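Trainee: Before anything else, here's the structure in question.
Rule-based calculations on the coordinates, nothing more; no lab input. Just so you know, these numbers come straight off a predicted model, no measurement behind them. Please note: Cβ atoms are built from the backbone with ideal geometry, for glycine as well, and neighbour counts cover all protein chains shown.
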Amino acid sequence: MKTTHYLYIMATALLTFSACNSDDVLTEEVVTPTEQPTTDNEGFTAVIGDQLEILDEEDLDGTAATRSTMSNGAFASWSTTDNISISDGTLMYVFQPKDGTINGADCSFQSKTSASFLTDGTGSEGTFYAFYPADAVLGWNGTTVSTMIYTEQKYSENVENSGVMGPYMAAVAQTTDGGSSAHFTFGHVCSVIDVDLSGFDGGEVESVALYANSQVSVAGSMKFNISTKAATTPGDDGAGYSNSLQSEVVRVSQINTTKPTVRFYILPMKQTKGFTITVRCSDGKYYTKSSSTPVGSDEQNNYITSQTGVSNGTLCKPYYKKYNFGTKGSARTQNWMAMIPGNIKFNHLSIPGTHDAATSSLSGSAYKCQEYTIAEQLQKGCRAFDLRPGYDDSDLNIYHSNGNTNVTLLAALTAIKDFLVANPTETAFILIHEEDTKLVHILDDGGPHQTTWATRVWNCVNGFTDYIASYGWQGNLNPCRGKMVVIFRDNYTDGDYNGDLGCGKVGWGSSFNDKSILTGNGSTTEKGRLRYQDEYNTSSESTKLNNLTTMLNDHIAANETEPGYTFVNNTNIASGTTSVASLAKKVNAAVLGSSNFTSYSGKFGIMMTDFLFSTNNDLKGDKMFELIHQQNYKYVYKNRTRCAAASASGDDTGVDISSDKYADGTTVFSREQ
């Protein structure tokens, strides 16, 4: 019979996690046993303490903050599904609670294998390293454990007492008593944030996101050296997407109660500008509240000796913070981009937009394409706008053909700017096009009308330079937050003026041809490529659907990993005798009935739609919005989480692998499968 061995664990010290640059590949063999435990191998006993720094509870509805009442030991209770990973520096074993031994913070653990790698009583001593939870362990390399703070987390793992995940802890111990026991002292590796939604009355909660206003990472893969007490996080995955292994957004999904307290596990980095919290309800509506209160003190725990790898990040002691979200009344609405990690490429987004965006004021059916004003569209979630100032209108009123909306370009851009100032997590894509108000064909011939029109437009846009993301379509979402990404749909705009506005310019027709996006200030340096589908000269919804599908399958899907491409797919069609609304009815229904769109899991690019958000059952504009913007969660989170491991196995695809269209076989470790 084997000798029974115990490891005694006491989890009282705090581990402070930091982040460094380290892309080391694990070279030592990692063993994950699969055998069932035996009755004669009990492993060790464990006691957990808790020393997270308790921060003030904060009420996001503006009432006085109170000190959190979280007790010492709130995270000090084992559950039957808790597993701990232990390594001797070479091999890794998983230990689990022994039946009937759990008593709050006390528990006996046994190896999940039929043989323990602890000594057999011969007197040999050794050093062992432990990490909790075992499910977060990607592998061991000597004293270093590779793990992940997930971008996508599960309510069932974080809140319900399943024990699958939990506040990350680590420990090191030297065996004693002839190698038969060891005394571990665990400390926390991550910080914990709770969001209390008990006062929220916006409907059934589907998911909640935590966004760091300072854009310092709150999630990412990491390597923790338990011996030296230092943590590192890879800053770049080598594919040219900076910090793609980190994220300033964490989302908790699969919430199964209507009045939950949602828990987030995050990196213990100081957040000098506080957090923005966004709630998404099952009806597709979003509610966002923000706090600018700095989170994380300058105090550090002596268990951490170094930190690197998180841009602009400062290490702080792991903390516990609680927010009371409160009622929906004071929340900003439809801030859906707050749930999107900022290191997703801008051209990897699926952006709902409005064709002839300013036409809600038109009373006739010939040219009216939208039911809502630009300000209303922004509040409802629109993030792309087709604006067409008349070429012979000195006030730059926006037209659709010769229909004057009486909305000026200045007024439209001001409405967008004001929204972005109030909602800094969002961005807006702007297309500006010269409209033929006299119904004559305008040629890009550099004529006097073009020079005059272009000068007026340039001067107008020049007043918004502080709110333009310079060539924003080239990079990630974060630099575009709170700003506009602007492209002139005329190759003679933004060309010979004083200064470069950071806008793109392109001359195009209506088809799928490649079009160069050029810099301003007369330069011909290519800044990116645009594919634009605007095959409008048909009244057939089937023809339009074929064009939309061609754009999706032959261009967007085919060029998924091409960082230089921006895609715009227009859904509108035209007829000399048929109203825009009746045509939109046919096209919207065709798109919503097409499996090419409803079953597609990739990005859509920018989709310009007629009567977006319309609740008219025939127009189906509200369904079009849901189809487009929800694609981000199918693409970004389902198979494109911003946290990827350098190497692993599984059916999911990797992140930003430019050389092989994401199909490198790595697991993205999204917690939503």
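Trainee: Quick one: which residues, 5 or more positions from LYS483 or on another chain, have an amide H under 5 Å from its amide H? H modelled 1.01 Å from N in the peptide plane, none for Pro or chain starts.
Mentor: Those lying under 5 Å, H to H, from LYS483 are ALA428.
Trainee: Moving to a separate point now. Have a look at the DSSP beta bridges in the stretch 337-432 and tell me what percent are antiparallel, nearest 5.
Mentor: 40
Trainee: Just how far, in whole angstrom, is the stretch 408-434 from the stretch 356-380 if you go by their alpha carbon centroids?
Mentor: Distance between centres, Cα-based: 15 Å.
Trainee: In the stretch 350-497, how many lysine pairs have Cα atoms under 25 Å apart, counting only pairs 8 or more places apart or on different chains?
Mentor: Qualifying lysine pairs in the stretch 350-497: 6.
Trainee: Just order 350-358, 395-403 by mean Cβ neighbour count inside 10 Å, highest at the front, would you?
Mentor: Descending packing order for the listed peptides: 350-358, 395-403.
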